[in-house]
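Student: I am attaching a structure below and will ask some questions about it afterwards.
The values are calculated or read from the model by the stated rules, or taken from the named source; none is laboratory data. Fair warning: this is a prediction, and the values are worked out from it, not measured in the lab. Cβ: placed from backbone, ideal geometry, glycine included. Neighbour counts: every protein chain shown.
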Amino acid sequence: MKLAELAAALNAKLEGGSPETEITGVAGIEEAGPGHLTFVANPKYAGAARTTRAGVVIVDESFPAIPTAVLRTKNPYLTFSRAIGLFQEAVRYAPGLHPTAVVDATAKMGANAHLGPYVVIGPGVEIGANAVLLAHVVIYRGVKIGDHFFAHAHSVVRENCRLGNRVLLQNGVVIGGDGFGFAKDDQGRWNKIPQPEPVVIGDDVEIQSNTCIDRASVGGTYIGRGTKIDNLVQVGHGARIGEDALLASQVGLAGSTEIGNKVILTGQVGVVGHCKVGDGAIVTPQSGVAGDIDAGAIVSGAPAVEHRLWLKYSALLSKLPEIAKAVRGKKQKDE
């Protein structure tokens, strides 16, 4: 693709270089060659932009001039993600039913569905148009799914769950497994609490590999429109996640947790049951949330506290032995 065509396709302003330069692909800023497009979104790589061999660099509107041609845009990272799509042809799956797939006679499949080997579709299932279900996907009875559903191999949707349009499940996702609910009797034995309520997932949600979202005993479990959930995340029974939230790998939400819109939970964050995390809050890695978090807050630590306060705690950690020694010395002197 010529540089001028690329700029037009990305709605970016071209500066420097020849409009006729051929760009054949994308690459990281340090690995890129003359035929590659790369980008700078993190200031850490600003210096590398001056020495890169790339044919063109996507930068923001205020980035200083460099010897290489640039494409200026408001959001370099988002623009680069769109550029990848221009050079990488999406895999297409032709409509059809593999001979080993099993579809109940009462199930309703929309137009242009692709069902791969050993797919199982249970009774009363309804799936919209243009669905792709790859090998060993299992959809239990009574499930309702919108258009453009994409399920990678070995993902499972349990009974009566509801999924919106353009939902994407990566490999090994389990939607609607039983919530972890048990009640102890007088003999100290655990008795299973039934978990009949389904998981309800909004439009444009992506759930990545080996994540589990549990069904509930009452009230259901809800994932809002546009939310993205990483690998190895556990969403407990009855949890509610708002729209456009981001849950990174190994996040764990206990039952009845409420996560607001546009919340970001980074890697290995744990949230205690019945806690509420307000809209737009950010919880930093390995933090433990044991109480409600205000909207817009940035918190860290275990238990999680306001991030700037946690930075002060962290700065004191290495000095604790010295402080303890001084306190003991003062105490002995006072005695």
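Student: Please name all residue pairs, on different chains or six or more residues apart, with Cβ atoms under 8 Å, provided the first residue is in the stretch 30-50 and is in the same structural domain as E61 (by TED's automatic domain parsing) and the second residue is small (G, A, S) and assigned to a strand (DSSP E or B).
Tutor: Within 8 Å, the pairs are G35/G25; H36/G25; L37/G25.
Student: Quick check on the stretch 120-128. Is at least one of its residues assigned to a loop (DSSP other than H, G, I, E, B), more than 25 Å from A153 (Cβ to Cβ) and more than 30 Å from the chain's Cα centre (by Cα)?
Tutor: No, the stretch 120-128 contains no residue that is assigned to a loop (DSSP other than H, G, I, E, B), more than 25 Å from A153 (Cβ to Cβ) and more than 30 Å from the chain's Cα centre (by Cα).
Student: Where the second residue is of a type in the set (D, E) and surrounded by fewer than 14 Cβ atoms within 10 Å (Cβ to Cβ) and the first is free of Cβ contacts under 8 Å to residues at least 40 places away in the same chain and lies in the stretch 1-26, which pairs have Cβ atoms under 8 Å and are six or more apart or on separate chains?
Tutor: Going by the 8 Å Cβ cut-off, the qualifying pairs are K2/E20; K2/E22; A4/E20.
Student: Could you list, in sequence order, all residues of the stretch 239-273 that are part of a strand (DSSP E or B) and not β-branched (V, I, T)?
Tutor: If the condition is that a residue be part of a strand (DSSP E or B) and not β-branched (V, I, T), then R240, L246, L247, G252, L253, E258, L265, G270 are the ones that fit.
Student: Working carefully through the options G122, G176, find the one that is in contact with a Phe, Trp or Tyr (Cβ under 6 Å, 6 or more places away or on another chain), assigned by TED's automatic domain parsing to the domain that holds D203 and in contact (Cβ under 8 Å) with a residue 24 or more places away in the chain.
Tutor: The conditions single out G122.
Student: If I filter the stretch 316-323 for residues that are outside the structural domain of N171 (by TED's automatic domain parsing), at pLDDT below 95 and β-branched (V, I, T), do I get at least one hit?
Tutor: Looking through the stretch 316-323, at least one residue is outside the structural domain of N171 (by TED's automatic domain parsing), at pLDDT below 95 and β-branched (V, I, T).
Rundown of residues vs (1) in contact with a Gly (Cβ under 9 Å, 6 or more places away or on another chain); (2) surrounded by fewer than 20 Cβ atoms within 10 Å (Cβ to Cβ); (3) among the basic types (K, R); (4) on the phi < 0 side of the Ramachandran plot, yes/no style:
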site: E30; (1), (2), (3), (4): no, yes, no, yes
site: H36; (1), (2), (3), (4): yes, no, no, yes
site: D60; (1), (2), (3), (4): no, yes, no, yes
site: P64; (1), (2), (3), (4): no, yes, no, yes
site: K74; (1), (2), (3), (4): no, yes, yes, yes
site: Q88; (1), (2), (3), (4): yes, yes, no, yes
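Student: So which residues in the stretch 141-173 are farther than 18 Å from L232 by Cβ and in contact with a Phe, Trp or Tyr (Cβ under 6 Å, 6 or more places away or on another chain)?
Tutor: Correct list: R158, E159, V167.
Student: Return the only residue of A83, A113 being under 27 Å from the mean Cα position of the chain (by Cα), under 23 Å from K144 (Cβ atoms) and among the hydrophobic types (A, V, I, L, M, F, W, C).
Tutor: Numbers: A83 fails: under 23 Å from K144 (Cβ atoms).
Answer to the selection: A113.
Student: State yes or no: is I259 within 17 Å of the chain's Cα centre (by Cα), within 27 Å of H154 (Cβ to Cβ) and crowded, with 19+ Cβ neighbours inside 10 Å?
Tutor: Values: within 17 Å of the chain's Cα centre (by Cα): yes; within 27 Å of H154 (Cβ to Cβ): yes; crowded, with 19+ Cβ neighbours inside 10 Å: yes.
When the stated conditions are applied, I259 passes them.
Student: Name the pairs: first residue in the stretch 293-321 and within 23 Å of G260 (Cα to Cα), second residue modelled with pLDDT under 80 and among the aromatic types (F, W, Y), Cβ to Cβ under 6 Å, at least 6 apart or on different chains?
Tutor: S300/W310; G301/W310
So that you can scan it fast, the table gives a plain yes or no per residue for (1) surrounded by 17 or more Cβ atoms within 10 Å (Cβ to Cβ); (2) over 30 Å from G172 (Cβ atoms):
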{"position": "Q268", "(1), (2)": "no, no"}
{"position": "V271", "(1), (2)": "yes, no"}
{"position": "H274", "(1), (2)": "no, no"}
{"position": "I282", "(1), (2)": "yes, no"}
{"position": "P285", "(1), (2)": "no, no"}
{"position": "I298", "(1), (2)": "no, yes"}
{"position": "L309", "(1), (2)": "no, yes"}
{"position": "L320", "(1), (2)": "no, yes"}
{"position": "K325", "(1), (2)": "no, yes"}
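Student: I've got another one for you. Take the stretch 1-16 and flag every residue that is touching a strand residue (DSSP E or B) at 6+ places or on another chain (Cβ under 6 Å), in a loop (DSSP other than H, G, I, E, B) and surrounded by fewer than 19 Cβ atoms within 10 Å (Cβ to Cβ).
Tutor: G16
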